[in-house]
Amino acid sequence: MAVQKNLILVVGPTAVGKTDLCINLAKKFKTEIVSCDSRQFYRELNLGTAKPSPDELSQVPHHLINSLSIEDNYDVRRFEHDALEILDTIFKDGSIAVMTGGSGLFADAVTRGFDEIPDIDPDIRKRVISDYQSYGLDWLQTEVSRVDPEYYALVDRQNPQRLMRALEVFLGTGIKFSGFRQRKKTERPFRVIKIGLEREREELYHRIDQRMDQMINQGLFEEAESLFEKRHLNALQTVGYSEIFGYLEGNYDRSETIRLLKRNSRRYAKRQLTWFRRDPEIRWFHPDQLEEILSWLETQIT
């Protein structure tokens with residue numbers, strides 16, 4: 001009889017404490033960690049993405065961290081393919097793998113799959129890009145919130161590439177982008193056990209603010225400045241970099257930049273929680289409840 005394969009998925013908002021827990025789980029089950037954090041794929045992005053430290057990365061094998069350059073074109077479909085291949089390799093030697101990250105769309109790609117989205121007329125894509133270039137991010141945010149409020153409530157609103165994709169899919173198919181994520185679930189050759197990490201809001205927000213101060217002290221402004229000439233790339237359209245690019249363009253001063261970095265990071269965490277809380281399969285814990293998590297996993301792993 002074939003041994004049941006189990007994927008432990010650990011999700012939660014930024015700064016909640018996913019890294020420590022997953023390293024503990026990987027050590028306990030003698031397995032490896034696959035990242036589904038779309039910001040940590042890129043080698044050039046370090047401080048602004050809160051990657052695990054070199055020491056943490058050395059404790060257990062990690063996959064899909066520092067695996068790409070910001071110059072690479074990469075999307076959720078390619079991630080789905082890459083992650084499934086890595087999991088297949090891990091499951092050849094063991095029955096348990098750990099996957100973690102704060103990117104709900106990428107977690108869903110592995111655990112649920114996606115309906116095929118029809119090819120979109122290139123002219124529609126060109127028109128959406130042209131309108132964005134003419135009218136700006138505020139216009140794009142308004143359009144997506146109008147045609148697909150469900151997706152807008154969850155998406156990184158500072159990322160124009162994701163917003164443009166949602167808008168072009170709607171204009172090209174007449175179906176909301178969020179609708180393609182709510183149909184038939186793809187069967188996988190492994191069982192998914194979902195853990196969500198949460199803290200009280202004030203505790204989480206304090207941790208986010210503290211971590212942002214630490215990132216700044218470690219050189220976040222300098223890292224962003226070194227990437228300024230490439231700020232048009234999709235990988236850099238994200239919280240932690242776009243605010244500093246605005247500062248470097250002279251739109252506001254340093255103190256206002258820091259306020260925006262903290263505010264937008266808290267808003268990002270709120271959208272992450274909104275995304276994950278809609279999934280009834282997730283069992284929620286405080287990150288400090290390691291023993292309770294291990295006891296619960298013993299009842300779930302077959």
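The amide H of residue 283, built 1.01 Å from its N in the peptide plane, has 194, 195, 196 as neighbours under 5 Å, considering only residues 5 or more places off or on other chains. Dividing the summed -39500 (n - 2.57) terms of all DSSP H runs of n ≥ 4 by the residue count of the chain sets its mean residue ellipticity at 222 nm at -16000 deg cm²/dmol. Just so you know, the Cα atoms of the range 146-211 work out to an Rg and Dmax of 16.7, 44 Å.
Run through the range 64-108 and list the GluC sites (Glu not before Pro) located in a DSSP loop whose Cβ has at most 15 other Cβ atoms within 10 Å. Numbers along the way, then the final one.
Details: sites: 71, 80, 85; in loops: 71.
Those satisfying the criteria are 71.
Ordering 162, 77 by the number of other Cβ atoms within 10 Å of each residue's own Cβ, fewest first, gives 77, 162.
Is the chain rounded, prolate or oblate when judged by the Cα gyration tensor, a ≥ b ≥ c being the square roots of its eigenvalues, rounded requiring a/c under 1.5 and prolate requiring a/b larger than b/c? Oblate, because a/c is 1.5 or more while a/b does not exceed b/c. Overall form of the range 150-302: oblate. Here a/c, set by the Cα gyration tensor axes a ≥ b ≥ c, is 1.5 or more, and a/b is not larger than b/c.
May I ask you to sort 164, 99, 212 by Cβ crowding, counting other Cβ atoms within 10 Å and putting the fewest first? Don't skip to the end; give the middle numbers.
On the way: 164 18, 99 26, 212 23.
So the ranking, lowest neighbour count to highest, is 164, 212, 99.
Shown for the range 1-122: lysine pairs separated by 8 or more places, or found on different chains, whose C-alpha atoms are under 17 Å apart, numbering 7. Overall, the ratio between the Cα radius of gyration of the range 5-137 and 2.2 N^0.38 Å, rounded to two decimals, is 1.20.
Does the range 122-181 come out rounded, prolate or oblate, given a ≥ b ≥ c as the square roots of the eigenvalues of its C-alpha gyration tensor, rounded meaning a/c under 1.5 and, failing that, prolate meaning a/b above b/c? Oblate.
Just so you know, all these numbers are worked out from the coordinates, no wet-lab data involved. Just so we're clear, the structure is a prediction, and the values are computed from it rather than from any experiment. Please note: Cβ atoms are built from the backbone with ideal geometry, for glycine as well, and neighbour counts cover all protein chains shown.
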